[in-house]
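Asks: My questions all concern the structure below.
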Ligand code: ARG
């Protein structure tokens, strides 16, 4: 039997393999709510413009509401023969209300319908990601305020560089996630135009009111070019780009958590709620949630890549290739959302082992720069010379196998006789971080101020 929705010119039905490759209902059923909302807005506009009768429109809206509740109760029978969510809903509508159902598709095509449904879905998802990024920033800022003066080693090349505060380290991620949030918001703003009424590709001869449907669906305006409206998917690609950057940031933090909670570092303790054990090694507590957040990044980048490649060769306007956008986007955006939730839980529960961090912060001659700065400030040495002198003192420490603040004054004076014991006042890690008061620096005063600024901004957002 040929397709009852579009099979007028077909003598035969599709091959089983054709149905297999063509049907999208297994995944695009996710769009049922958006599809029904879009159809209701469309038919109300058709009635307003007297393109369909009020009576038919009421029947259609009533039928669509019935379908919505059938789907939500799990009573709806989805059919692969009906390909996608649009035709599944319309066919059921015909069963429920009879021939009036056939009027719903006036001045519309599945091309503008799917573009509208998908935009609505992506828009909701961006709003969720926006909230989730806010939640993560909140827990990071709270932890940062609490640990504004706890020192840890700051690294470059994963070598001890200079001491920083744990709060400062956490706030670095708040900065990153806030930029991610900005990108999510930009994407939402740019995508918020309604394709409905672009019809197949050229617009329609019916006297529709596109502003009315756009407004009913919460869009800022209708799209201005019907070809563009049905043929671009940049809105979802942009969402996936923003998601990819978020995933990259999440993955870096996840990687740090994995390293920090190893026995060798011992900087943090993860809660049982976000760890797992080993089936053979009873002593193990593994940071699986962090590892999985790190791993999800691959599939999120993958979905972005898939859509970029899928789109790059398509002539205007719609091509069926574009049906492949949904599974990828659903998976990529669900993955980033899950990763955000897992990271928020992990950070909330994370307990820093401040003693271990502090001990590590003092190793690796991490206050050498403070020594050099002292030579510049107090002895008036040019920084390059101070760097050299400090290097020689570090050499003595290495040779003697002691930390920098344990090098005897006499040894330092052999390198430069003008050095006094005042120098020891800058060699402790606490002094070191306290001195970093330049704007954006790691001093506890700065960190506390920044953490409070974030917490205030986040509270304002929620209000
Ligand atoms: N399921 C289709 C998709 O997701 C809907 C649009 C079909 N349009 C068409 N001209 N065959 O892209």
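The values are calculated or read from the model by the stated rules, or taken from the named source; none is laboratory data. Every value quoted in this text rests on a predicted model; they were computed, and no experiment measured them. Cβ sites come from the backbone with ideal geometry, for glycine too, and all protein chains shown count toward neighbours.
Asks: If you take the residues of the stretch 304-323 that are part of a helix (DSSP H, G or I) and touching a helix residue (DSSP H, G or I) at 6+ places or on another chain (Cβ under 6 Å), which of them is nearest to the ligand (Cβ to nearest atom)? Explain how you work it out, then say what you get.
Replies: Going through the stretch 304-323, the residues part of a helix (DSSP H, G or I) turn out to be 304-312, 320-323.
If we keep only those that are touching a helix residue (DSSP H, G or I) at 6+ places or on another chain (Cβ under 6 Å) too, we end up with 304, 306-307, 310, 321.
Values: 304: 19, 306: 15, 307: 13, 310: 11, 321: 9 Å.
Filtering first and then ranking leaves 321.
Asks: Something else: Checking the conditions here, which among 116, 125 is in contact with a strand residue (DSSP E or B) (Cβ under 7 Å, 6 or more places away or on another chain) and crowded, with 20+ Cβ neighbours inside 10 Å? Give the derivation first.
Replies: Values: 125 fails: in contact with a strand residue (DSSP E or B) (Cβ under 7 Å, 6 or more places away or on another chain).
Step by step, each of 116, 125 is checked, and only 116 is in contact with a strand residue (DSSP E or B) (Cβ under 7 Å, 6 or more places away or on another chain) and crowded, with 20+ Cβ neighbours inside 10 Å.
Asks: Which number in (1) assigned to a loop (DSSP other than H, G, I, E, B); (2) surrounded by 14 or more Cβ atoms within 10 Å (Cβ to Cβ); (3) out of contact with any helix residue (DSSP H, G or I) (no Cβ under 8 Å at 6 or more places or on another chain) marks the one condition that residue 417 misses?
Replies: (2)
Asks: Restricting to the stretch 185-229, name every residue that is in contact with a helix residue (DSSP H, G or I) (Cβ under 6 Å, 6 or more places away or on another chain), part of a helix (DSSP H, G or I) and farther than 26 Å from residue 240 by Cβ.
Replies: Of everything in the stretch 185-229, those that are in contact with a helix residue (DSSP H, G or I) (Cβ under 6 Å, 6 or more places away or on another chain), part of a helix (DSSP H, G or I) and farther than 26 Å from residue 240 by Cβ turn out to be 212, 213, 216.
Asks: Is there any pair with a first residue in the stretch 216-238 that is surrounded by fewer than 20 Cβ atoms within 10 Å (Cβ to Cβ) and a second that is at pLDDT 95 or above and not in a helix (DSSP H, G or I) whose Cβ atoms are under 6 Å apart and which are 6 or more apart or on different chains, and what are they?
Replies: So the pair list comes out as 220/192; 221/193; 227/201; 227/316; 227/317.
Asks: Hey, another quick one. List the number of the failed condition for residue 99; all other conditions in (1) closer than 30 Å to residue 17 by Cβ; (2) more than 33 Å from the chain's Cα centre (by Cα); (3) without any contact (Cβ under 8 Å) to a residue 60 or more places away in the chain hold.
Replies: The one condition residue 99 does not meet is (1).
Asks: Moving on to the next point. Going residue by residue through the stretch 160-168, is there one that turns out to be surrounded by fewer than 16 Cβ atoms within 10 Å (Cβ to Cβ), under 18 Å from residue 351 (Cβ atoms) and more than 16 Å from the ligand (Cβ to nearest atom)?
Replies: No, the conditions are met nowhere in the stretch 160-168.
Asks: If you don't mind, another one. Could you count how many residues in the stretch 91-113 are within 12 Å of the ligand (Cβ to nearest atom) and either in contact with a strand residue (DSSP E or B) (Cβ under 8 Å, 6 or more places away or on another chain) or part of a helix (DSSP H, G or I) (or both)?
Replies: Of the residues in that region, 4 qualify.
Asks: Now for a different question. What number of residues in the stretch 1-20 are in contact with a helix residue (DSSP H, G or I) (Cβ under 9 Å, 6 or more places away or on another chain) and outside any helix (DSSP H, G or I)?
Replies: To start, the set of residues in the stretch 1-20 that are in contact with a helix residue (DSSP H, G or I) (Cβ under 9 Å, 6 or more places away or on another chain) comprises 1-6, 13-14, 19-20.
Next, from what is left, pick out any that are outside any helix (DSSP H, G or I): 1-6, 13-14.
Going through the stretch 1-20 one residue at a time, the tally reaches 8.
Quick grid of which residues meet (1) surrounded by fewer than 21 Cβ atoms within 10 Å (Cβ to Cβ); (2) at pLDDT 95 or above; (3) away from the ligand (no atom under 16 Å from the Cβ); (4) over 19 Å from residue 159 (Cα atoms):
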site: 333; (1), (2), (3), (4): no, yes, yes, yes
site: 340; (1), (2), (3), (4): no, yes, yes, yes
site: 346; (1), (2), (3), (4): no, yes, yes, yes
site: 353; (1), (2), (3), (4): yes, yes, yes, yes
site: 371; (1), (2), (3), (4): no, no, yes, no
site: 386; (1), (2), (3), (4): no, yes, yes, yes
site: 390; (1), (2), (3), (4): no, yes, yes, no
site: 406; (1), (2), (3), (4): yes, no, yes, yes
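Asks: Only helices (runs of 4 or more DSSP H) wholly contained in the stretch 21-83 count here; list those with 1 or more residues that are modelled with pLDDT of 95 or more, surrounded by fewer than 15 Cβ atoms within 10 Å (Cβ to Cβ) and within 16 Å of the ligand (Cβ to nearest atom).
Replies: Numbers: elements: 25-28, 32-48, 54-73.
Here the list reads 25-28.
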